[in-house]
Every structure is written in C-alpha cells, then in structure tokens.
Amino acid sequence: MAASATLPRRKAPDWLTTPLLAGALVILFWIVVAATINLWAPYDPLALAGRRLQPPSMAHWLGTDALGRDVLTRTLYGVQYSLPVALGVVISAVVIGSLLGGIAGFVGGFIGAAIMRLVDITLSFPPVLLAMAVAASLGPGLTNAGIAMVLVWWPVYARLMRGQVLEVREREHVEAAIAGGAGRTRLLFTHILSLCWTPVLINATMDFGQVVLLAASLSFIGLGATPPTPEWGSMVADGAIHFYQWWIAFGPGFAILTVVLGFNFLGDGLRDMLDPRTH
Amino acid sequence: MKHLDLRGSSSRSRITRSDGTAALLALAAGLILAAPSPSHAQGANKPLVIARNMDLNSLDPHRSFCDTCQIYNSTVYETLLTLDTSNKLVPLLAANWEASADQTKFTFKLDPKAKFSDGSPVEAKDVKWSWERLKNLKGSAAFLAENITQIDTPNPQTVVVTVAAPNSEFLNIVSAPYMAVVNSKVASANGAMAAADAATKDNAEGWFLQNSPGSGPYVLASYSPNNELRLKRNAQYWRSAPAIEDVVFRQVKDAVAQAQMLESGTADIAMQIDPDTAKTIRSKDVTVQTVPSYNFIYLALSPGAKGNKVKMTKEVREAISLGLNRKEILEFTLGKEGQLISAPIPLGFPGGSGFPEEPYDPAKAKDLLAKSNASNIELDAAFPNLNAYGVDLSLLMQKVQQELSKINVKVNLQPMTFSNWREQVSGNGIPLTAVFYAPDYYGSAQYVEYFGMMPGSPWAKRAGAANDPSVINPREQELLKKALASGGEEAATIYHEIGLEMIKDKVILPLVSPNLILAYNKGVKGVRYSACCNLPVAEISR
C-alpha cells in the first residue's frame, strides 16, 4: 500500500467569512438585476398586468397591486432607483465630508473650528427628522430626497476624516515630507488623505444600506419618489393602505431587507479584511 | 368645501425593559377590570365609541368647518330646522316658519319649550347673535350667512331674516350645523363676540374647547386633541332624551385600524372604512352597510394655470375628458362601491340626477388634440396626497396618468400635502388636479357657486379666469339667479340645466361618487347618513 501524502490544506483567510460572502452575493445579485432587468422583466412596471389586488400566483409570483401592476416586476425595477440613489448619496457625502473633514484636521484653527461646529450643529438634529424637513421644503422627488440625505450624511464623514488626518499628520513620513519641502496641497492629498481611506470606505459600505432605508422611508411618507415610480418605500406605502393584501408590501419590504443586510455584512467583512488590528 | 387631512403623524409606543413590571401590573389590573361585573354587564350605560379620523379644526361652531364638525355641531347644538330621512325640512328650534313670495324674507317662530343646557330658554336674540357671529367671524363657513342683511327680533320667540337677494335655498342653509344657535349670554361672558369686528376681537375659541353652550341632546364632556372627544347626555334636554348616555369619538387614523377596532368590539361605529378594507371584515357581530353618499371626487383643468405648456383650449379640455375611461377608473378606485358622476351636482340633490354619461372616445380625443396642435402634451398634475372617502387620490391619479398616456398626454404627478396644494391651486394654478367635495348643506346652489364658471367663484379663479376670461360662462350666473328666485321642481330643473352647462365647460370633470360605508356593531341601532349632519348621533341606541 502506497503511503498517501497528506498535502497541507490551504486555510482560508480569517476575514473571508460566510456573512461577507453572503453579503457580496446579495449585492452582486441586485447589481446584476439593476443592470439587466430591462431585458428580461416579466411585465412593464407601470402598465396593467392583470386583475387588481390578485394574490400571488404562477402568473404573478408576488401578486398584483391596486392598479393591477405586477408586484415582482415593480420590486425588481425598484433597485434601479434605490441603488443609484444610495450610490449618489454616499459618494457625495464621502467627497464633501472627507474634503471638509480633511481641511478641518489639516488646517485647524478658525477654519477647522468653523467646519467642526457646522458638523456639530448638523449632527445635533435627529437625522431622519432633518432629512424629512429638508425633503419637505424642497418638494417630493428622488433627487430632492437625495439632496436631503447628503445634507444629513456628510458630517459623519467629516468627523471621521478629521480624526484620521489628525492622527496621520503626526506620523514620521509626513514630517519627512515637510522636511523635504512638500507643499501643503501635496502634503494633504498625497501623504495624508491617501492613508485615511480605509475607515471611510468601511463606513461608506455600511452606510449604503442605511441610505437605501432612509430613501425608502422618505418615499414611504410621500417625500421621496413620486408615483408611479416603482420605488420600494412608496410601494410599501401602497401596501400599508391595502393592509390585508400583504403581498403588495412584502416584495419591496423583502428587497429592502436583503439590500440593507447585504451591505451590512459586506461592510463588516471589509472592516475585518482591511483593519490590521483584526488580523 | 370640507377637507380631510389624513396624513397626520402616527405615534408609536413601546414597552422598554424598565417598564416591564409596570406593564405586568397594568395588564393584571386590566384583566381584573375587564372581567364581567354585574353592574354594567349588559352595557346599558356603556359609552358609544365611534372610531374616526377626526378632522376637527375647531370646536367653536362658528369657526369649525369639517366632516367631524358637522357631527359635533349637530349633536351638542341645534339649528332652527333640520332634515328628516328623506331630506325634507322639519322643525327643530323653530316650531314653524314661512318665506316671503320673493324668497328674501324668512320668519321663524321658536319653540317656546326650547332651552339651553343651562336651563335658560332659547330666544330670538340668541339666533340673531349666533348668525351674526358666524358671518362676522369670517371663518370658512361664513359664506352661509354672507347673504343675510338684517335680522329682526320683534319678540323673544320670533326671528325675521332678510337676505340681500332671493334665495330659495335659505331654509336649507338654516339646517346646516354651522348655523348652530349658541347661548349668547354664556358665550359672550366668556369672550365670544358677534359684532362686525368679531374676526379680530373674539377670543372664545379656547373656551369652546371645554364648553358647549348649546341646546343639543349632548354636551361636551372633554376634548383631548388627537385622542378623543367625549360627550355626555344633556340632562336639561328639552326634547326626548337620547338613548345613550355617553358618546366617545376616538381618534383612529386609518381604515384598517378602524375595522380592527370594530371586530374586536372596542369601537361601535366606523364610517371611514374604504371598500377594500370593508371586504376584509369577517366578524358576524359587525354590520357593514353601504349607502350612496353626496361626496364626489373630480379632476379639474386650469386653462389659466401658469404651468400650462400648451394653450388649454376648450378642444384640448374636451379631448382630455374624452380620453378618460371613467368606467375603468371607477372599477379601479371603488369597484362596485360607488357611482360615476358627470356633473358637479350629486345624485339626490335638486337637479342632480339624469345627466348623460360622459363618453370615452380616445380616437376622437387624439383627433381633437391634433387639430389643436397639441398632439403630444405634458401636464403637471399636483394633487393632495390623501385618501378621500375611500379613494386614494394617488392611486386615482396614477390611473388617470395611464389613461391619458393612451392619447399621448403625458401627466407628471406631483403629490403634496393638502395645505401646499391649496396654496398652489389658489396661486399659480395647477394644469390638472384631483380633489373632492362634500356638501355643506342640502342644496344645489353651493355647487354652482363653487364650481360654476362665474366671475369670482372659487373654481373660476383657480381655472385662471383672470388670465383667460374665455372660461367664464355667463349663462350659469343668469340661471343661478333664476333658480334662487324660484323653488321646488322649477329650481331643480334650472339646476339641472346649470349642471349641463358645467359639463360643457370641461373645467371640472367629476369622476366618481363613493358610497359611504357605515360599519357598526350589531347591537347598535339607528345608524344613518344624513345630508346635513353626517351622522345623527342622538338617534342611535343599543
């Protein structure tokens, strides 16, 4: 009998966890849906697809709504609104917040204090309430809801970035760059900000889900998407009116759940992967 | 026009860990209290609970203007006349009355037995004071008394009213709950005023939140805004006392919660349940009765709105009307629980029946649009985002959007709060909108005055008569004058003729008249819908 050689099993890295994979798969699924739904959608999301308020059946897996539109189709189309809004809001908030936070941390003094007081003032309002107030004053619509959410979200990144900059600017390589005659702009963008992105990236990933949730909340109360847009929050609101036709709210509700969970898992996984302290 | 603001904020409660003990104790206490006790086992003195989304704007009868106000005013106050079940005028505070041949002078003899809840008699001076106060407070219902030029009180039992122009509907106006007679001595002592400057000097609104100086079968016991309105039997009531001692209106925002309360027995009556929710009521202890209502939902086009991208000529308006499949709209919004309505005068009101059905002809609509160089038009459609009498306006407008897209009219929906909508419709105007109307009294003149394309009428202004005088239809004003100077069948015929003119205007496009769903527990008797008073509470018994 030949002796069997035991090969050492390659151990998966610690950060490659099931939640991270699950989160990534869910988000990948929704990205693929968003990109391709126009090609294979079973019905038109805005047109009559059958009898109104029909419960789930083979023809309509998630039933029909009060206007006879297919709930599954509308749910799948909903991601075309939720993901771009979340992406737009998070990127805008990251850019504005990081820039202002970076300047506050790097420049300090009166400008830094002024920026941080603005951050404090904005953060002192309950975020949902502030977003509602801004969206209500701008009028309904997803763009206005997006602007309202950016106004609520940027201070988080400003505070985060300022903390990072304050820490990084004391490092030796920065002192060396100063000694080497680096200008202030080069110092900030090349030697400091480039080392501050990890926590911002992790936070942004986790915030995607929260932004999707807030956008849906604004639409739910009539401050986000306008009808007949198949936006998840407004679809859940339709379902709340037709309380006993549970399927109307189930589809969009479940979609919100999966996206929020997906981004949370992904964010957690990214933190484990990128944060050296967890290795 | 009354309105409901059904998009109030909802409140949530939750039990935290620290509240756990208290919650258990409360639960135990609740169970003990809920156990049947011989003293009130049969519920003879059990309060009548009405679950309702209360749209109360005031408890002052001369400032109030809403559906719930009609119920409250007609329960704690009284008018000189009221309506019976067939909408015929019957005496209330007035024992008898007469109108002059030219319909400008009306004489009322008060019932000598009538007395207020403090025991003092109802006198002519109270009627004069109350109606002058309604007029001079200049509230939303002041238009009802606007036409009054003089009120004489030759003796404590006689009231002689002179109106500026013949008004054959004045007696119907008198039966409107806003024409409530208030104990003038008591109210005046608490800051209420009837003088010409009452609008700025009267400061009794707060006092009316705790007091009801009326002669109605009930008196106000307590009011807690957004919670409950509690009434108790008027111990001094001068007619037959109502059967139920206490009445509680409980604030319940949505139809589903109202239905659940009925099924669980925590409410006795709900009348704001929509047809889809009504279908889900399974309890055999709940009676669901459907009656035709006088409310209706309509679309309105504004030729003079600043937001119009093309000239909204009569042909374009006609085309839009032809592009609406009203039968499908009815099916989608109300199913079998409503009727189509062609003219803005409801069925059951003088001259309100027999209007031809509005045609649906998308091909002709497209032709008309092409002839008007408006083959592909876009309309901004702002509307109040609420549920009116079981019709979700957002849903309705999405259906209208679908319908009009078939004739290449693109509708941009803009849902908004009722207050924003009101500001916009009275400001720059809205090219296409949807809203609702509920009568303020039993009579057709109000519809002509509100919807008619007559100089100064609310909808002529909203339709942009100032920018586009072509919307004015002079015939409507002429006919209204004739109708108000006549009466009975003759007036009804003229109102019908005005209705046909309003259809031709194609500014107001009435769509559906929702049935009213009266849902109540089997043990409750005497629940009905009234044209003047909404829900006559005093007629209800167990």
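Odds and ends about this structure:
- Dipole of the stretch B:292-451 computed with +1 at Lys/Arg Cβ and -1 at Asp/Glu Cβ about the Cα centre; of B:THR333, B:PRO346, B:TYR294, farthest Cα towards the positive end is B:THR333.
- Kirkwood radius and radius of gyration were both taken over the C-alpha atoms of the stretch A:1-127, and their ratio Rg/Rh is 1.26.
- The chymotrypsin sites (Phe, Trp or Tyr not before Pro) of the stretch A:9-67 that DSSP puts in a loop, and whose beta carbon has at most 15 other beta carbons within 10 Å, are A:TRP61.
- Legend: Rg and Dmax of the stretch B:348-431, from Cα coordinates, 15.6, 41 Å.
- For the stretch A:158-185 versus the stretch B:420-465, the inter-centroid distance based on Cα atoms is 65 Å.
- The order of A:ARG171, B:ARG462, B:ARG133, going from fewest to most other C-beta atoms within 10 Å of their C-beta, is A:ARG171, B:ARG462, B:ARG133.
- A Cα-only calculation for the protein assembly as shown places Rg and Dmax at 32.3, 129 Å.
- For q = 0.14, 0.29 Å⁻¹, Debye-computed log10 I/I(0) when each Cα of the stretch B:439-479 counts as one equal scatterer: -0.29, -0.94
- P(r) of the stretch B:201-306 over all Cα-Cα pairs, binned every 10 Å from zero, in whole percent: 11, 28, 28, 22, 9, 2
- Kirkwood radius and radius of gyration were both taken over the C-alpha atoms of the stretch A:158-244, and their ratio Rg/Rh is 1.35.
- Diffusion constant of the stretch B:422-501 at 37 °C, which comes from Stokes-Einstein with the Kirkwood Cα-pair radius and 0.692 mPa s, µm²/s: 244 µm²/s
- Degrees between helix A:142-168 axis and first principal axis of chain A (Cα, 0 to 90, nearest 10): 30 degrees
- With R₀ fixed at 60 Å, the C-beta to C-beta distance from B:GLU328 to A:ALA179 puts the FRET efficiency at about 0.15.
- For the stretch B:328-377 and the stretch A:208-268, distance of Cα centres in Å: 35 Å
- Computed over chain B, the percent of Cα pairs more than 46 Å apart is 16.
- Taking the convex hull of Cα positions in chain A, its mean projected area over all directions (nm²): 23.0 nm²
- Note, ³J(HN,Hα) from phi for the stretch B:236-245, Karplus 6.51, -1.76, 1.60, rounded to Hz, x at Gly and Pro: 9, 4, 8, 10, 4, 5, x, 6, 9, 7
- Compactness of the stretch A:209-279 - radius of gyration and Dmax, Cα, Å: 15.6, 50
- Angle in degrees between helix A:109-123 and the longest Cα principal axis of chain A, rounded to the nearest 10: 20 degrees
- By the helix-only formula, in which each DSSP H run with n ≥ 4 contributes -39500 (n - 2.57) and the sum is divided by residues, chain B has a 222 nm mean residue ellipticity of -8500 deg cm²/dmol.
- By the beta-carbon count within 10 Å of each Cβ, the least crowded to most crowded order of B:MET179, A:MET161, fewest first, is B:MET179, A:MET161.
- The trypsin sites (Lys or Arg not before Pro) of the stretch B:364-419 that DSSP puts in a loop, and whose beta carbon has at most 13 other beta carbons within 10 Å, are B:LYS406.
- Three principal axis lengths of the stretch B:477-538 [C-alpha, angstrom, descending]: 51, 27, 14
- D (Stokes-Einstein, µm²/s), Kirkwood Cα radius, the stretch A:132-279, 0.890 mPa s at 25 °C: 137 µm²/s
- In nm, spacing of pseudo-spin labels at A:LYS11 and B:VAL90 (7 Å Cα→C-beta vector): 9.1 nm
- The fewest-to-most ranking of B:LEU110, A:LEU67 by surrounding Cβ atoms within 10 Å reads A:LEU67, B:LEU110.
- Electrostatic bookkeeping for B:ASN167 treats Lys and Arg as +1 and Asp and Glu as -1; over the other residues with beta carbon under 15 Å from its beta carbon, the sum is -3.
- Principal-axis tilt of helix A:247-274 within chain A, Cα atoms, nearest 10 degrees: 20 degrees
- A quarter of the convex hull surface defined by the alpha-carbon atoms of the stretch A:78-165 gives 5.8 nm² as the mean projection.
- All distinct Cα pairs of the stretch B:285-359 go into the 1/r average, and the inverse of that average, the Kirkwood radius, is 14.9 Å.
- Computed magnitude of the charge dipole of chain B (debye, nearest 20; Cβ of K, R +1, Cβ of D, E -1): 880 debye
- Taking amide H atoms as placed 1.01 Å from N in the peptide plane, the amide H of B:VAL182 lies under 5 Å from those of B:SER130, each 5 or more residues away in sequence or on another chain.
- In order along the stretch B:98-105, the Karplus-derived 3J(HN,Hα) couplings, from 6.51 cos²θ - 1.76 cosθ + 1.60 at θ = phi - 60°, round to 8, 10, 5, 4, 8, 6, 10, 10 Hz, and Gly and Pro are given as x.
- The stretch B:140-214-the stretch B:497-542 distance, computed between alpha-carbon centres (Å): 26 Å
- Across all directions, the shadow cast by the convex hull of the stretch B:128-185 built on its C-alpha atoms averages 4.2 square nanometres.
- Estimated vicinal HN-Hα couplings, Hz - the stretch B:496-512 in sequence order (Karplus 6.51, -1.76, 1.60; Gly, Pro = x): 4, 4, 5, x, 5, 5, 5, 5, 5, 4, 6, 9, 9, 10, x, 10, 9
- For the stretch B:48-133, fraction of C-alpha pairs farther apart than 15 Å, in %: 68 percent
- Rh by Kirkwood over Cα pairs, then Stokes-Einstein D for the stretch B:282-416 at 1.002 mPa s and 20 °C, µm²/s: 131 µm²/s
- Under the combined filter of DSSP loop state and at most 15 neighbouring Cβ atoms within 10 Å, the stretch A:176-279 retains these chymotrypsin sites (Phe, Trp or Tyr not before Pro): A:TYR244, A:TRP246.
Values quoted throughout were computed directly from the atomic coordinates according to the rules given, and no laboratory measurement underlies them. Just so it is clear, the structure is predicted and the values come from calculations on it, not from any experiment. Backbone-built Cβ (ideal geometry, glycine too); neighbour counts: all protein chains shown.
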